[in-house]
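The values are calculated or read from the model by the stated rules, or taken from the named source; none is laboratory data. Note that the coordinates shown come from a computational prediction; the quantities given were computed from them, not determined experimentally. Cβ coordinates were reconstructed from backbone atoms using ideal geometry, including for glycine residues, and neighbour counts include every protein chain displayed. Heavy atoms of the whole protein, side chains included, go into the accessibility calculation; ligands, DNA and RNA do not. Shrake-Rupley method; radii C 1.70, N 1.55, O 1.52, S 1.80 Å.
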Amino acid sequence: MDKKQIISYADELFAAERSRRPIPPITGRDPSFTTDDAYAVQLENVRRALSMGHTVSGKKIGLTSLAMQKQLGVDEPDYGHLFAAMDCADGLVDAGALILPKIEAELAFVLKKDLRGGKVTPEDVEDATEYVAGAFEIVDSRVADWKIRLPDTVADNASSGRYMLGSIKLSPKSADLAAVGMKLYKIEGANAVLMNEGVGAAVLGDPRISVAWLANKLWGYGVALMAGEVVLSGALSAAPSALKGDVFRAEFTDFGSLEARFV
């Protein structure tokens, strides 16, 4: 696909995020639009964000479950960029700045060493990780009504929105990440309603495998995972919709709990 068309689709998504007016799926209008084209669109908007003074704080991995891969007809995950401005460290999410947010509970890796070279193993991920924490990712879609195929979500920065990390930080060598359990609750008054639950093994069998996949995928584009970056390794369960006024709590084995309030 020529550069002019890549920029045109990037313009649409860039404007949609700022106006909160979603666009029709690109794949529905352009059957020739490929996943490689979509990553080119994503990277164009990353460059724009950087030129505006935003800072990349990490990466996120999506489509790590077999169920979601089958739903979109793909055989591997996808990835997007995280920016420092997406970090809701105070636990508050500005619902008015998003379009149709959903919330996912997962494990986040914070790196102390770069991961590069294209042959990264799960053991390399362990060695390069400063700590792992429980996390929320708030996904959002600039594509209308979440009617997406793989190239649509990739172009849309893998549907990235916001994120937050829990306060308990553990070495990946001190916990069996595949066995970590998670329960996601919606807080309704005095009640905590269980929305869903999952385990670390839902993420490609082990979240370390997911991070290794990302490092190797990025290397194909000449990009490394860098020391200090946050890597969101993939949802442990389905992502319920979130509205202004909603409160969610995730409880993890080993990693404690965290709470997100949509204000």
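Please list log₁₀ I(q)/I(0) at q = 0.14, 0.17, 0.26 Å⁻¹ for the range 30-115, using the Debye equation with identical point scatterers on the alpha-carbon positions. So the normalised log intensities work out to -0.70, -1.05, -1.42. Of the solvent-accessible surface of the range 66-110, computed with a 1.4 Å probe over protein heavy atoms with every protein chain present, carbon and sulfur atoms account for 55 percent.
How far, in nm, would the chain grow between Met226 and Thr35 when pulled straight, counting 0.36 nm per residue and subtracting the alpha carbon separation?
Details: separation 191, 0.36 × 191 = 68.76 nm, distance 2.41 nm.
Taking Met226 through Thr35 to full extension adds about 66.4 nm, to one decimal.
For the residues Val139, Val120, Val211, a GNM of the chain with alpha-carbon springs under 10 Å puts the largest fluctuation on Val120.
Within the range 163-202, which trypsin sites (Lys or Arg not before Pro) sit in a loop by DSSP and count at most 13 neighbouring Cβ atoms inside 10 Å?
Details: sites: Lys169, Lys173, Lys183, Lys186; in loops: Lys169, Lys173.
Within the range 163-202, the qualifying trypsin sites (Lys or Arg not before Pro) (loop, at most 13 other Cβ atoms within 10 Å) are Lys173.
Report, in listed order, any pair from Lys183/Lys217; Lys60/Lys173; Lys59/Lys113; Lys3/Lys59; Lys60/Lys113 with a Cα-Cα distance greater than 23 Å. Could the numbers behind the result be given before it?
Details: Lys183/Lys217 30 Å; Lys60/Lys173 21 Å; Lys59/Lys113 15 Å; Lys3/Lys59 25 Å; Lys60/Lys113 17 Å.
Over 23 Å Cα-Cα: Lys183/Lys217; Lys3/Lys59.
For Rg and Dmax of the Cα atoms in Å, one of (1) 20.2, 67; (2) 24.2, 77; (3) 17.4, 55 was computed from the structure I shared and the rest are decoys. Which label? From the options (1) 20.2, 67; (2) 24.2, 77; (3) 17.4, 55, the structure gives (3).
Beta-bridge orientation, the range 1-156: approximately 95 percent antiparallel, per DSSP, counting only bridges with both partners inside.
Remark on Thr129: its backbone amide H falls under 5 Å from those of Lys112, a criterion applied only to residues 5 or more positions apart or on other chains, H modelled at 1.01 Å from N.
Between the listed residues Leu184, Ala239, Val93, the Cα displaced farthest toward the positive end of the dipole of the chain, a dipole computed from Cβ unit charges relative to the Cα centre, is found at Val93. Distance between the modelled labels on His54 and Glu259, one decimal in nanometres: 3.0 nm (7 Å Cα→Cβ projection). For the range 1-146, relative contact order (Cα pairs under 8 Å, six or more residues apart, normalised by length) works out to 25 percent. Modelled spin labels at Val74 and Gln5, positioned 7 Å past Cα toward Cβ, are 2.0 nm from each other.
Mean sequence separation of contacting Cα pairs (under 8 Å, at least six apart), scaled by the length of the chain, corresponds to a relative contact order of 26 percent.
Nearest-5 percent of antiparallel DSSP beta bridges in the chain? Before the final figure, lay out each step's value.
On the way: 46 of 53 bridges.
Taking every DSSP beta bridge with both residues in the chain, the antiparallel ones total about 85 percent.
Taking all Cα pairs closer than 8 Å and separated by 6 or more residues, the relative contact order of the range 172-263 comes to 32 percent.
Springs between Cα atoms under 10 Å define the GNM used for the chain, and in it the highest mean-square fluctuation of Ile23, Ile61, Ile103 occurs at Ile23. Just checking the listed ones, Met182, Met52, Met195: in the Gaussian network model of the chain with Cα springs under 10 Å, the one fluctuating most is Met52.
Under a 1.4 Å probe, what is the accessible area of the chain per residue, stated in Å²? Before the final figure, lay out each step's value.
Numbers: 11370 Å² over 263 residues.
Per-residue value: 43 Å².
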